[in-house]
Amino acid sequence: MPPESPDNRSDNRPYLDQILQDWPDLKERIIRALLVSLHSREIASLDFIHNEARRLVRGDGPLEIEPADDNAQITTRWDEREKAAIQELVLDLAAGAFSQLEIDDMVNVIRKRVEARSLEEVANLASVSFGLLAEKVKNFCHLPKGQTSLTTRESISTRVALIKRFISDQLEFIGVAKHYLHIRDFEDLLDHIIGSDDGTGLIGGKAGGVFLGSQILIKKELEAKKPSPVPIYTPDSYYLRSDVMVDFLQHCGLQELHDQKYKDLEKVRKDYSMIQRLLKNADFPPSLALRLKSMLESLGTHPLVVRSSSLLEDRFGTAFAGKYRSVFVCNQGSLEERLAEVIGAIAEVYSSVFHPDPISYRIRHNLLDYSENMGVLIQKVVGRQVGHYFFPTWAGVGFSENPYRRNPRIKTEDGMARIVFGLGTRAVDRVGTDYPRMIPLGLPALRPEVKTRDIVRVSQRNVDVIDLKKGGFAHLPVAEVLSEATLLPGLSHVFSALEHDFLRPLAGDRLLADPENLIVTFDQFAKTSPFPEFLRQCLNTLSETYGYPVDIEYACDGERFYLLQCRPQAVRPKSDPAPPPVNIPTQDQVFSSCRDILSGSVHDIEFLVLVDPRDYNLLSNNQERRDIALIVHRLNQRLEGKKFILLGPGRWGSKDPRLGVQVGYADINNTAMLIEIARMQTGFLPDVSFGSHFFQDMVESDIHYLALYPDDQDSVFNEEFLHGADNILSELLPDSRRFADVVRVVDIASSSGGKLLNVDMDGDGQMALAYLTRPQ
C-alpha cells in the first residue's frame, strides 16, 4: 500500500528544513540517507518515490522500463527537476515517518562518517603534526554518540590510521588492535600524551600493549553481558612519545649517540657508564619540562614508576623483556624537586637504550638498523602507604602457556602465575634467596612442597617497596615492613601464621600475629579467592584474541586489580620428550638430573664452560665475582659460532653475585644451554625462574635450561671428566689464567677421544642425562 499523501505534512518538516540549513554541506548525504531508510524500512520504495516524483513533475504515469540487452543502460538518469522533486518528496515522507530522535540519529551517523573519513585522510598524511591530528580526533569524539554507531567496516580504516600514527606500525599488533581500539578510545589517550604539538612520535610497545589489553578485556566483558568477578583497572598513566627522546638528544647536542649501536660490543660496554652520567645530568627541553610539571600537578604526590616503552618492545617475537630500565620515584617534596626526580628517571630510561644487553639482543634478532627511539610510560604505582613504605599487597606476572609442568595433572594451556608480596620486581628479577609463589592456574592449590619446613624454606623473605622516608626503592625483610601495619587489605590471601610447626590461615586482614611468624604462602589466594580462575580467564581471552600466547603483569592494592602490561609470550617451539638412551657406559655419563626438567635435547656440544659452586664460593670478594662474570662474557664472545654450554652456581643472572654469576643477556646469549648447579655445602640453590625476564631471554634465544643437584643420591656428576679434562681457558683468554681454578673450559672432542656431548631431557619422566657419544 502506498504511503499517505505527502500533502499531509508532519510537524517534523520544519525540523528537517532547519537541519539542512545547519548542515548545508551535508544536504545531499542527509536526503540520501533518508531515502535509503524509507526504502529499507519498506515505508516507500525507491520505485514509488521515483514514479511519484515523475508524476508530479511531468504529469504522466509510471516509467516503464523495457528489457535491455547487456550493453544498454539499465535505467535512466534523473534530470534536475526530478531530483528536486524526489528531494522534496523524501523530506515530506521522512517528516511523517521518522521521529526527531530518529532523524537526529541518522544525521549524527552521517556526520560521524564524514568526520571519520576526514580523520583518516589527515592521519595518513606523511608529515601531519600531533596537534592537528589530535584536534581532528577530538572533533570526532565531540559528536553525539547517538543511537547508532559506525559499523566496524565504516571505521576500521580510520582505526588503523590512528593506531599507526599514535601507537605502533607493527602489522601483527595492528591486525589485533583494529578490532578493539575504537576511535573514541583515543580521546583520553591523547589527553595524556606528552610531546611537542608539531611532533610525530609513537607511545611505544609497552604503553600500546597495556592500552590494547585493557580494551580487549573491557569490550569482551561487554560482549558477554556478564560482569567480571574482578573489575579490571589500569593505573593513571602519561605517555612520552618516542620523538621526545630525539628532541632531548638534539637539545643536549648528543645526536651522535644514535650511532652507538654500531660500535663493537666491548666499546658499548665501556661507554655505557659515561653515557648514563651524561644523560642523567643533561637539561630537558624547557617546553617539555613545563608539560611534565603540568603532569605532576595533575598526579599529585602519589609515587610513580617511569617505564620504558620502546618502539621495539613487547612486539610479536621480540619482547625485549627486562632490557630497558624502569625507575620508581617517590614523587615527594616541592614541585621543582619532584620534576627533577622524574626528569632524572626519564634520562635513566633513555640511557638504557645504549646498554650492551638491548644492543646485543637487537643484533641477534636482526633489528640493529631499526630506528630505536624510546617512548616512556609514566604510571601511578599501584599500592597503599603502610607507615613510610608504599607497595601493593601482591603483584606478579601471568602466562597463558605454562612451560613448567612439574606434575602430569597440570595442563599447559591453563597458564601460570608468578606472584609476590609487594612490588612485582621480585617476580620478574632473579634476586636474593627468595622464591616467588608459582601457581598453575588450572590447579592453583597444587604446590610441590608438602611439609611445613619446605614451604617455609622456599617462602619469600624480603619485599620490594618504595621508602617514602629515605626516598627510593628498597628491599626489606617482610617482618620489618609488616611491623608498620595494623590493617592491610588482602593480608589473609598472602600470609599464613606459623604456630608450633604448623601453618594456619589468617582470619582477616588485621595484623594480630607477630610479624616474625607470618609466612608468605599465598595459600588462601590459591584456595579461596577468585583471582586464579579470573587470571586464567583473562589470559585465555587475551590469548584467543591475539591468536598467540600472552603474558601480563598485574598488581593489587588489596581491593582493586590493575593490569600493568600485556604482550605476546615468548614461547619455544614445542619439544617432544627426549628420554635419555639406556645402557650409556658409566664413564660416558657426564651429569644427570631428575627435577624441574623441561623436554628437549641439545646434541653435538663442542665446548663446556664450568664454574663449580665450590670454587666460586672460595672467592673472597665481589670484585673477584665480577671478574668471573666478565670472563663468562668474553668466553660467550670467543665461542660464538661454536656449540657450547654454561654450567654455574646457583642462579645465573642473580643481582646478588654471592648467589650466582652476575651476568646479563649479552653475556650468555650465544650459549646453547644454561645449567644451574646446587651444592648443599655451598648453599647455592637454583631458581626455577620460569616467568622471570631472564628466563624469557633464554626462551627467545632458544637457550635450554637445566638444574643439577650433584648431591642427590641418584644423580650423576662426573667430576673425573669435568675437573680432570684439560682446561683451555688460558688458551682462549691468556690474561684470565689466574682464575683457571674457578672457570674451566673443556674442549669435548679433545678430552674424549673425538666424542661430543649430547643432553636429552624428558619432561614427562623428569629425567635428563648428558653423555658422550660419537658424532652421527
* Structure fact -> When (1) closer than 24 Å to F695 by Cβ; (2) touching a residue at least 60 places away in the same chain (Cβ under 8 Å); (3) open to solvent by 20 Å² or more (accessible area, probe 1.4 Å) are applied to R658, the one that fails is (2)
* Which listed residue is at pLDDT below 95 and either open to solvent by 60 Å² or more (accessible area, probe 1.4 Å) or not aliphatic (A, V, I, L, M) (or both), from L288, L278, L249 -> L278
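Results for (1) without any contact (Cβ under 8 Å) to a residue 24 or more places away in the chain; (2) open to solvent by 20 Å² or more (accessible area, probe 1.4 Å); (3) over 25 Å from R744 (Cα atoms); (4) of a type in the set (G, A, S), shown as yes or no for each residue.
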{"position": "C566", "(1), (2), (3), (4)": "no, no, yes, no"}
{"position": "A570", "(1), (2), (3), (4)": "no, no, yes, yes"}
{"position": "K574", "(1), (2), (3), (4)": "yes, yes, yes, no"}
{"position": "S593", "(1), (2), (3), (4)": "no, no, no, yes"}
{"position": "G600", "(1), (2), (3), (4)": "no, no, yes, yes"}
{"position": "D604", "(1), (2), (3), (4)": "no, yes, no, no"}
{"position": "L610", "(1), (2), (3), (4)": "no, no, no, no"}
* Structure fact -> Going through segment 605-646 in order, the residues found to be more than 27 Å from V268 (Cβ to Cβ) and at pLDDT 95 or above are I605, E606, L608, L610
* **Counted residues, segment 733-753 - those being out of contact with any helix residue (DSSP H, G or I) (no Cβ under 8 Å at 6 or more places or on another chain), open to solvent by 10 Å² or more (accessible area, probe 1.4 Å) and over 17 Å from H633 (Cα atoms)** => 4
* Which one is least open to solvent (accessible area, probe 1.4 Å) among residues in segment 513-551 that are under 20 Å from V456 (Cα atoms) and either modelled with pLDDT under 90 or among the polar types (S, T, N, Q) (or both)? -> T521
* Asked: Hey, among the residues in segment 257-275 that are open to solvent by 70 Å² or more (accessible area, probe 1.4 Å) and among the charged types (D, E, K, R), which one's farthest from R362 (Cα to Cα)?
  -> K270
* Test set (1) modelled with pLDDT under 90; (2) open to solvent by 10 Å² or more (accessible area, probe 1.4 Å); (3) in a loop (DSSP other than H, G, I, E, B) - P444 fails condition number -> (1)
* Candidate set: segment 709-732, residues that are in contact with a helix residue (DSSP H, G or I) (Cβ under 7 Å, 6 or more places away or on another chain) and assigned to a loop (DSSP other than H, G, I, E, B); chosen: the one surrounded by the most Cβ atoms within 10 Å (Cβ to Cβ) -> A725
* Test set (1) farther than 29 Å from S149 by Cα; (2) at pLDDT 90 or above - I43 fails condition number -> (1)
* Asked: Among the residues of segment 487-520, how many are more than 22 Å from F561 (Cα to Cα), part of a strand (DSSP E or B) and touching a residue at least 40 places away in the same chain (Cβ under 8 Å)?
  -> 5
* Asked: Where in segment 69-159 are the helices (runs of 4 or more DSSP H), entirely inside, with at least 2 residues that are closer than 28 Å to G195 by Cβ and open to solvent by 20 Å² or more (accessible area, probe 1.4 Å)?
  -> 100-123, 130-141
* Check whether at least one residue in segment 459-477 is farther than 28 Å from K655 by Cβ and without any contact (Cβ under 8 Å) to a residue 40 or more places away in the chain, and report yes or no. => no
* Structure fact -> When (1) without any contact (Cβ under 8 Å) to a residue 60 or more places away in the chain; (2) open to solvent by less than 20 Å² (accessible area, probe 1.4 Å); (3) within 25 Å of the chain's Cα centre (by Cα) are applied to T412, the one that fails is (2)
* Taking the stated definitions as given, is P436 surrounded by fewer than 15 Cβ atoms within 10 Å (Cβ to Cβ) and within 24 Å of R405 (Cβ to Cβ)? -> no
* The listed residue being modelled with pLDDT of 95 or more and open to solvent by 40 Å² or more (accessible area, probe 1.4 Å), out of H475, H493 -> H493
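Just checking, which of G201, G213, G175 is free of Cβ contacts under 8 Å to residues at least 12 places away in the same chain and open to solvent by less than 60 Å² (accessible area, probe 1.4 Å)?
When all the criteria are applied, what remains is G175.
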* **segment 737-766 - residue that is polar (S, T, N, Q) and either assigned to a strand (DSSP E or B) or touching a strand residue (DSSP E or B) at 6+ places or on another chain (Cβ under 7 Å) (or both) and, of those, nearest to A672 (Cα to Cα)** => N758
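The values are calculated or read from the model by the stated rules, or taken from the named source; none is laboratory data. Since the model is a prediction, treat every value here as computed from it, not as a measurement. Note that we place each Cβ from the backbone using ideal geometry, even for glycine, and neighbour counts take in every protein chain shown. Surface accessibility is based on the protein's heavy atoms, side chains included, excluding ligands, DNA and RNA. Shrake-Rupley method; radii C 1.70, N 1.55, O 1.52, S 1.80 Å.
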